[in-house]
Every structure is written in C-alpha cells, then in structure tokens.
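The values are calculated or read from the model by the stated rules, or taken from the named source; none is laboratory data. Here the structure is a predicted model, which means the values were calculated and not measured. Glycine also receives a Cβ, built like all others from the backbone with ideal geometry; neighbour counts cover every protein chain displayed. These accessible areas exclude ligands, DNA and RNA; they are computed on the full protein's heavy atoms, side chains included. Shrake-Rupley method; radii C 1.70, N 1.55, O 1.52, S 1.80 Å.
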Amino acid sequence: MSIAWPRLLTPTNLSKMIRSQKNPLKALEIFNEAKVKYPSYRHNSLVYGTMIKVLGSRGRVTEMKQVLRVMKEDSCQCYGSVFAEAIRSYANAGLLDEGILLYNSLPEFNCVNFTEPFNALLEIMLEESKLELCHRFISENFHRCEIKSRLHSLNLLMDALCRINRSDLALQVFQEMSYQWCYPERESFRILMKGLCKDGNFTEATDLLNTMISNKSCFADVSVYRILLEALCDNGDVDEALEVLETVLRKGIRAPKRYLKDLHLHFNHMASGEHRKALMNELLIRGSALNSDSYTAMIVDLYNEGRINEGDRLIKEMHKKGFRSSSPVYEAKTAALFTSGEVESALEVVEREMIENGCLPTLRLHKIIIKGLCSTRHVPLALAHFEKMSKPLGCSPDKEIYNYIVDGLCCYGNYMEASRILDKMIQKTLWPDDEMFIKIIHGLCHIQKQDIAAIWLEEMISQAKVPQPHVWSSLVSSVCDKNFKLNSILMDALTGWEEC
C-alpha cells in the first residue's frame, strides 16, 4: 500500500505514520525514506524514540541497532527515555550484554541525562538477580555527573536486597546515602523498615525508627512506625512493642498525654496479637495529625495485607477528617477484594463507591478489575466492563487490557468473540504478540473455523511475524481432515511468508 506523504513533513507527522504501520519493516522503510523525500527535514528525539520502540517491541533488535547507529551519526539530542527503551528491548531479547554496551557508549551520543537508562539497566540486573554484575555496574558508573538523581537507584537496590533477605546490606546502602548526596525520604524508610522486620533485625529496625523520628522531613509518618510495631507483636515481643509505641507517641507523633494514660494496663489486657495491633493503629491514628499521604499509605498497606475491614474503617476516619481518598486506595481495595473472592464487592467499588466520593477510575484500576474477573472465570462480566470502559469519554484500553480480555475469552472457549476483540485491537494500532495470534489460530481450528484462522495467519505474516511450524500444522491438518476451500487464502499466506 502506497504512503500518502504530506506536503510539509514534521517529526510529529512522521511519528504518527510510523506508529500506524502494522509491519515494523515498513515503518523502518518510511523512517529511512523521509530524509530522501524531504532533504531539509531532520529526525528529532520523538521520531527516534518512536522508531526504536516500534522495532524493539516487535523483537526487531538488529534493525533497532541500525537506528541507534544512525542516531549517533546524526548527533541528535535525545532524552534518556529513548535509550532506556532500547536497553529494555535488548533485555527482553536476552541480550543484556548489548544493553550494557549501549549504556557504556552513551557518551558517544548526544544524551545529557543518563538517569533513566541507568535505572532501567539497574532494574533489569536486579530482576535477574545478577547482584555481582549490579555491584560492578554501580561502582563504575554511580559517580558520573550525567546521573542527575541517585535516590531512586538506591531505593531500587535496597528493595532488591530486602527481597532476598539481605536487609543488613540494604542498611549499609542506606547509611551510605549521605555520601552520595542523597537524603532518605519516606519510601527509603519504608523499604528498609519492612526488610529489617522481615529478617527479624529488630534492634536495627528500632534504631532506624529513632533515626526517622529525628529526621524532620519524615516526621510523624505513622505508616512506617506501624510496620515495626506490628512486626514486634507478631514476633511475641509485647514489652518491646509497648516501649516503641510509647516512644512513637511521645516523640514521633507527639500525641496528647491522655493517650499515654493507662497504656500498659490496656495493652496487657488484650487477649491476642490482633487486638493489640488494632489498639496500636487506633492510638497512632487518633493521637497524630495525619495528612492525606499518611492516611493513603496506611490504608494501602492494610488492604495489601488483606485486612479489608480495618482499611474500610480507616477510609471513614479519613473522610471525617476532611480528606478525600485517592485512586491508589481504591486500586488496593479492589485488588484485595478479588484476592478474597469478593467479586461483587470489587465491582461495587468502581460502580458506586468511587462515584460517591468523586474519584474517577484510572487505567490501572480497570486493569485490576479485568484481570481479576478473567482470573476468577467471570469472563462475561470482564467483557461487559471492557465494552463499558471503551465507550467515548471512557478510559481507552491499552495493550495489556486487550491481552487479558483475549486470553480470558480463549480460556473460556469463546474464540469467535476473542477474534472480534483482536480485530478491534488491531484497528486501534495496538499490535498483538505472537502468542496471542497462535492461541486464537489454534482455537479457531479446534472449533472448525479454519477460514478465519487462515485470515489471522495472513494478518500475522503481514506484521512481519514468522509463524512457528506447529501453527502451519494446525491449519494444514484441519484442512486435510475437512474439505474446506481455503487454498487461495493459504497460498496468499505462504506467498507473504516467503516475502518476509
């Protein structure tokens, strides 16, 4: 199909043309042809970023590398996000070494901020548990002036160390922050406090709490205090928990003296750890002047722990104080309700509760709902919610939501409806992965819809995807079993495959 080139080409126009191409090789052809057709035109960061994302997301790593080479020769100033995208594409293709080489060659590009590519590479190394490589990478690069912000990087490192039960090393990273011109914030304390309590390092956790109390920027952060208090109760250290609670009430949140009165008597009369934890939360909430962020952090933690009733009570308390609950609260609540199997209550959150409190559903909340409905085999409800959110003035579904719906429909055995949703996805220029095509082709062959399966095979090839042998086998065997007139469609598909 011929391309309708505009009279005057701008980077924005070219980016739209590239994104609209189903075949990444055709998109690359347009990218290269632009400079020939318009001698005065120059690519900018937007165009390079779009081209790299299109090629990288389709697994065309060799072609992406060529574009990076052109970008270097062009000396085009590009944002760090462009290189972060390329590094993630290398990692997804199993070529982490190429991603490291690209990062090391950044001084050869016109890139002034290395923060995003640095964090992208650090995240990948930590996800793959390459701690030795990660240590070497940080040692060699952390001092570079092009890395503008180091706090997020250190938080990522501490979180990864805490996940593998090395909170002792995470504590060393925390103590080194000031030498890196970084100052810990709320998230830094939360990550480390959770890690120390999880590993049973309560002495270090108590020292951290005292450090936090003396740090004015994190003053009265109740959501972090309760992590240590509840961990001590769970460990049976009731006296230590009571001592820490007194310190928090007196120095941390500076609660009125009436909250300290008869504290020992009430605390020791509690029959169980759960009752003690409930009392502590009550004292922390009523004894402090919580702000909206502290309320949100506590509520989200409660829902993540499956303590739905306590989270609901805290929302009511929050509203009484004049604060409005935000989307992270409802996202956490919806996820907790799906985890506990309360599907109707989860739907009620978005259909009634959020509306009453003047909060609009976010794309992330829609993902939680559709994923939860599909995983609990309420696929018709997921499809109804999907259609509702797709209406004008709604929240436009992204590729991940389409994946959930198509996968859910296939598991439900409704391959014709899955085929319709896949077609809708392509119309929105959201290109499906190979696995999605394969699942639908196999399913359509299974229900004797070989003609539609062959059309999807042809579509797959038109996107420069190479079908695996078993995909052809499904179609060929089903055609041989039944006398269907698919010769012309299959021949077209074979011709397209050979051209690829």
When you scan region 285-299, do you find a residue that is at pLDDT 70 or above, open to solvent by less than 50 Å² (accessible area, probe 1.4 Å), closer than 21 Å to LEU208 by Cβ and of a type in the set (Val, Ile, Thr), even just one? no
Just need a number here: residues in region 110-132 that are open to solvent by 40 Å² or more (accessible area, probe 1.4 Å) and of a type in the set (A, V, I, L, M, F, W, C). 2
Out of MET125, MET158, which single residue is under 20 Å from GLY94 (Cβ atoms), in a helix (DSSP H, G or I) and either among the small types (Gly, Ala, Ser) or in contact with a helix residue (DSSP H, G or I) (Cβ under 7 Å, 6 or more places away or on another chain) (or both)? MET125
Just the residues that are closer than 24 Å to GLU342 by Cβ, more than 19 Å from the chain's Cα centre (by Cα), among the hydrophobic types (A, V, I, L, M, F, W, C) and assigned to a loop (DSSP other than H, G, I, E, B), please, taken from region 358-406. CYS359, LEU360
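Could you please find all residues in region 76-97 being within 23 Å of the chain's Cα centre (by Cα) and either in contact (Cβ under 8 Å) with a residue 60 or more places away in the chain or open to solvent by 40 Å² or more (accessible area, probe 1.4 Å) (or both)?
Residues of region 76-97 within 23 Å of the chain's Cα centre (by Cα): 79-96.
Within region 76-97, TYR79, SER81, GLU85, ARG88, ASN92, ALA93, GLY94, LEU95 meet the criteria.
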From the residues in region 141-162 that are open to solvent by 70 Å² or more (accessible area, probe 1.4 Å) and touching a residue at least 24 places away in the same chain (Cβ under 8 Å), which one is nearest to SER214 (Cα to Cα)? HIS152
Please work out if SER178 is assigned to a loop (DSSP other than H, G, I, E, B), open to solvent by 50 Å² or more (accessible area, probe 1.4 Å), farther than 20 Å from LEU302 by Cα and among the hydroxyl-bearing types (Ser, Thr, Tyr). no
Taking the stated definitions as given, is SER20 polar (S, T, N, Q), surrounded by 17 or more Cβ atoms within 10 Å (Cβ to Cβ), at negative phi and more than 24 Å from the chain's Cα centre (by Cα)? no
Meets criteria (over 26 Å from ARG19 (Cα atoms), surrounded by fewer than 18 Cβ atoms within 10 Å (Cβ to Cβ) and either among the charged types (D, E, K, R) or in contact (Cβ under 8 Å) with a residue 40 or more places away in the chain (or both)) for GLU73: no
All conditions in (1) touching a Ser or Thr at 6+ places or on another chain (Cβ under 8 Å); (2) modelled with pLDDT under 85; (3) among the small types (Gly, Ala, Ser) are true of SER396 except (2)
List every residue pair whose Cβ atoms lie under 6 Å apart, where the two residues are 6 or more positions apart in sequence or sit on different chains, the first residue falls within region 18-44 and is part of a helix (DSSP H, G or I), and the second residue, located anywhere, is among the acidic types (Asp, Glu) and buried (at least 17 other Cβ atoms within 10 Å of the Cβ). LEU28/GLU63
Could you tell me which residue of region 31-45 is modelled with the lowest pLDDT, considering only residues that are of a type in the set (S, T, N, Q) and either open to solvent by 60 Å² or more (accessible area, probe 1.4 Å) or touching an Asp or Glu at 6+ places or on another chain (Cβ under 8 Å) (or both)? SER40
Pairs under 7 Å by beta carbon, first residue of a type in the set (A, V, I, L, M, F, W, C) in region 339-359, partner assigned to a loop (DSSP other than H, G, I, E, B), six or more apart or different chains? VAL343/THR376; VAL343/HIS378; VAL350/PRO361; MET354/PRO361; CYS359/SER325; CYS359/SER326
Residues that are open to solvent by 50 Å² or more (accessible area, probe 1.4 Å), part of a helix (DSSP H, G or I), among the acidic types (Asp, Glu) and farther than 16 Å from SER292 by Cα: does region 330-342 have at least one? no
All but one of (1) open to solvent by 20 Å² or more (accessible area, probe 1.4 Å); (2) out of contact with any Gly (no Cβ under 9 Å at 6 or more places or on another chain) hold for ARG324, so report the exception by its number. (2)
